[in-house]
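Enquirer: Below you'll find the structure I mean.
Values quoted throughout were computed directly from the atomic coordinates according to the rules given, and no laboratory measurement underlies them. Quick caveat, the model's predicted, so the values are computed rather than measured. Don't worry about glycine lacking a Cβ; one is built from the backbone with ideal geometry, like all the others, and counts go over all protein chains shown.
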Amino acid sequence: MTRATTALALITSLLFLLALARTVQDRATAARLGPARPVPGPLHHVDINHAQAAELALLPGVGPTLAQAILARRQTVGPFQSVADLTTVRGIGPGRLAQIAPYVVCGPAGKGQGIRNKRQGNTVPGERGAPGDP
């Protein structure tokens, strides 16, 4: 073998060993940290009859497009009668409804009922319909 071939083989071997060491290190770190924890949803319940697109888009499995579809259904058909009525929106089936359901409520049509704080069970001050708000 020529010197150039030997040098290339040596460099390739070193790069392989560095990559292997990094993989072993990453696996050891992953084993030490344990499995990934799920990302929690919003800390408040979103009222599907009063929420704006930005609020709806924060729900798990709902982005800007699906949030607009929920608003469009609410404007054309009227207020939702129950959380299960979300399945009438194209793109929301039983699986996505199961993702969304823990984070939404179906308030009455009319004036906003506020956003309910999951931790305290009361209306968040400064939000729509909070006690003392106009």
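Enquirer: Show me the ranking of peptides 56-66, 4-14, 77-87 by mean Cβ neighbours inside 10 Å, starting with the highest.
Expert: So the order, starting with the most tightly packed, is 56-66, 77-87, 4-14.
Enquirer: With +1 on each Lys and Arg Cβ and -1 on each Asp and Glu Cβ, how big is the dipole of region 44-117 about its Cα centre, in debye rounded to the nearest 20?
Expert: Dipole of region 44-117, to the nearest 20 debye: 80 debye.
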